[in-house]
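Let me begin by presenting the structure, written as structure tokens, before commenting on it.
Throughout, read-outs are computed from the coordinates displayed, never taken from laboratory work. It should be emphasised that the depicted structure is a prediction, and the values quoted were computed from it without experimental measurement. Here Cβ is always computed from backbone atoms with ideal geometry, including for glycine, and neighbour counts include all displayed protein chains.
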Amino acid sequence: MWAFINKLRSPKWFYAISARLQPWFWAAALILIVTGTIWGLAFAPADYQQGNSFRIIYVHVPAAFLAQSIFVSLAVTGLVFMVWKIKIADMAATVMAPLGAAMTFVALFSGAVWGVPTWGTWWMWDARLTSMLILLFLYLGVIALRGAFASRDSASRAASVLAMVGVINIPIIKYSVDWWYTLHQPATFTVTGRAAMPMEMWLPLLIMVLGFYSFFIALTLMRTRSEILRRESSKRWVRELAEEAN
Amino acid sequence: MPASEGSLSEEVEVAREEPRGGLAVAVWATLKRDLVLLLRRRSEVLNPLVFFAIVITLFPIGISPDPALLAAIAPGLLWVAALLAALLSLDSLFRADYDDGSLEQLLLTPQPLALLALAKVAVHWLLTGLPLALMAPVLGIMLALPAGSYVILGVSLALGSASLSLIGAIGAALTVGLSRGGVLLSLLVLPLYIPVLIFGAGAVQAAIYGDGVLAHLAILGALLALALILAPLAIAASLRISING
């Protein structure tokens, strides 16, 4: 166990292992997203109330899932970095934060577009839209705080603390916003409970969610690798790698 | 600075009197020192209150002097303005101590930093949150706030602003080492303020409509209890990051 954790601490080892994992996740992401998109947009039946506009769900829901999961990942990597000083965790957090913010924006934007046919307006101060907007602000705070420090170590630790504070607050914010106001339909997608939609609609959504997650993992691996090269550029193994490439 | 010298020699004396220098002594010394320092810089205590009054004056000018309209939005306006006033005063919470090095001394004490930081936050609440809560009903009159909600406005602000001080202190501790941390501080802290705002303004609304306000106040109290336990730890960790960086 300790040997494994010690291996994890080594950026060189991570660089090597991620090179082997990365293609599989890219392939999975490509296959799942293409299948899910074609199935969801062309073959899934239209909703009896919302018609074809419900198909936005195939982008909206996976993006919203990722937006929330990535913030939790930020807090987990932050904790790992603070407790065990594993640099890889912080590198991953650095590259995940902008992706999380982007996914939050995609979820908000697709929600707004979906709002036009269903609610007749681009924006509603509805509970879930509002908590997504607050999540976007939390992401921007973490990114801004990381950028504000001159010393990288302080920046990493400050961003880790803020991510942990944020993740404790997310459920509180979510429930207080729910209390405050709700117009939104109840959760459409649960893994455990019975699906609230027919199988032909639900399966492509599941495929899209899995595809988005694979995409997230693949992109994080790839960007963490570049972050390793950037931060370890003075190390011998990186220089040797660069010389080999030339 | 005579103030810090005085408190330094005081601490030395305290240490001599009580060699085992209990936690209570350290917390009490921090409380007293911060109170004295803040009361000497009176403008820092008064400015948030003046800001609160000016912002509340802007709304009737910007929106409409119609009492019916103002009464409808008064609870939210008062809460948002008080929240912003409390936010503005946060930047100076650790700033002076950071600049003159006494924050480092606080880090070096054998007592847990979280509790000493809690004492500093308590002083901040006492001289910012509490005065804002006392002042809010007066501004409520000017906004034609319906009768019967004045006490609840004050109570909800007093309870809520304690949570605001605690949560805000995390942001202040994270940004104290940065030369221009002010705007960043609000960016970090404001999203975390939203639950307090919801239940604080909600309590006043409920009082106006005659609903039960106790549920809102109870949740404000629960938020405060949670913040009291967790925020000092985050503040202490953040102060360590800011000092070492």
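How many Lys pairs in the protein assembly as shown lie less than 29 angstrom apart by Cα atoms, where the lysines are 8 or more positions apart or on different chains?
9
Does anyone have the angle between helix A:199-231 and the longest principal axis of chain A? Alpha-carbon axes, 0 to 90°, nearest 10?
Tilt relative to chain A: about 20 degrees.
Within 10 Å of each candidate Cβ there may be at most 13 other Cβ atoms; applying that plus a DSSP loop requirement, which trypsin sites (Lys or Arg not before Pro) in the range A:67-153 survive? Each step should come with its number before you reach the end.
Values: sites: A:85, A:87, A:128, A:146, A:152; in loops: A:85.
Hits after loop and neighbour filter: A:85.
State the percent of C-alpha pairs, over all pairs in the range B:199-245, separated by a distance greater than 13 angstrom. Could you put the intermediate results ahead of the total?
On the way: 689 of 1081 pairs.
Every Cα pair in the range B:199-245 considered, those over 13 Å come to 64 percent.
Highest GNM mean-square fluctuation, chain A, Cα pairs closer than 10 Å: which of A:119, A:180, A:39?
Comparing A:119, A:180, A:39 in a Gaussian network model of chain A, the most mobile one is A:180.
Taking only Cα atoms and a 10 Å spring cutoff, compute GNM fluctuations for chain A and point out the largest among A:22, A:68, A:50.
Looking only at A:22, A:68, A:50, the biggest GNM fluctuation is shown by A:50.
Identify the residues of the range A:226-246 with backbone N under 14 Å of a label point that sits 7 angstrom from the Cα of residue A:10 along the Cα-to-Cβ direction, or state none.
A:236-238
What is the order of A:154, B:163, fewest Cβ neighbours within 10 Å to most? Please report the intermediate quantities before stating the final value.
Values: A:154 20, B:163 27.
Ranking A:154, B:163 by Cβ neighbours within 10 Å, fewest first, gives A:154, B:163.
Report the FRET efficiency, 1/(1 + (r/R0)^6), for residue B:109 and residue A:46, where r is their Cβ-Cβ distance and R0 is 51 Å, rounded to 0.05. Walk me through the numbers on the way to the answer.
Details: r = 68 Å, r/R0 = 1.33.
The computed FRET efficiency comes out at 0.15.
Could you give the C-alpha radius of gyration of chain A expressed as a fraction of 2.2 N^0.38 Å, taking N as the number of residues it contains?
Working: Rg = 20.2 Å, N = 246, 2.2 N^0.38 = 17.8 Å.
Here the Cα radius of gyration is 1.13 times the empirical estimate.
Whole percent per 10 Å bin, from 0 to the bin with the longest distance: what is P(r) over all C-alpha pairs of the protein assembly as shown?
Cα pair-distance distribution for the protein assembly as shown, in percent: 4, 17, 23, 23, 18, 11, 4, 1, 0.
Normalised radius of gyration for the range B:44-244, please: alpha carbon Rg relative to 2.2 N^0.38 Å, two decimal places.
Values: Rg = 17.4 Å, N = 201, 2.2 N^0.38 = 16.5 Å.
Dividing the Cα Rg of the range B:44-244 by 2.2 N^0.38 Å gives 1.05.
Given a 10 angstrom Cα cut-off, can you work out which residue in A:145, A:221, A:108 is the most mobile in a GNM of chain A?
Of A:145, A:221, A:108, the Gaussian network model singles out A:145 as fluctuating most.
Find me the longest stretch of chain B that has none of the exposed trypsin sites (Lys or Arg not before Pro), where exposed means in a DSSP loop (not H, G, I, E or B) with at most 11 other Cβ atoms within 10 Å. Spell out each step's value before the answer.
On the way: sites that count: B:20, B:180.
That gives B:21-179 as the longest site-free run.
Output the relative contact order of chain B, whole-number percent, from Cα pairs under 8 angstrom with separation of 6+ residues.
On the way: 265 pairs, mean separation 55.6, N = 245.
Contact order relative to length: 23 percent.
Can you work out the FRET efficiency for the pair residue B:226 and residue B:66, with r the C-beta to C-beta distance and R0 = 25 Å, to the nearest 0.05?
Numbers: r = 40 Å, r/R0 = 1.58.
Approximately 0.05, to the nearest 0.05.
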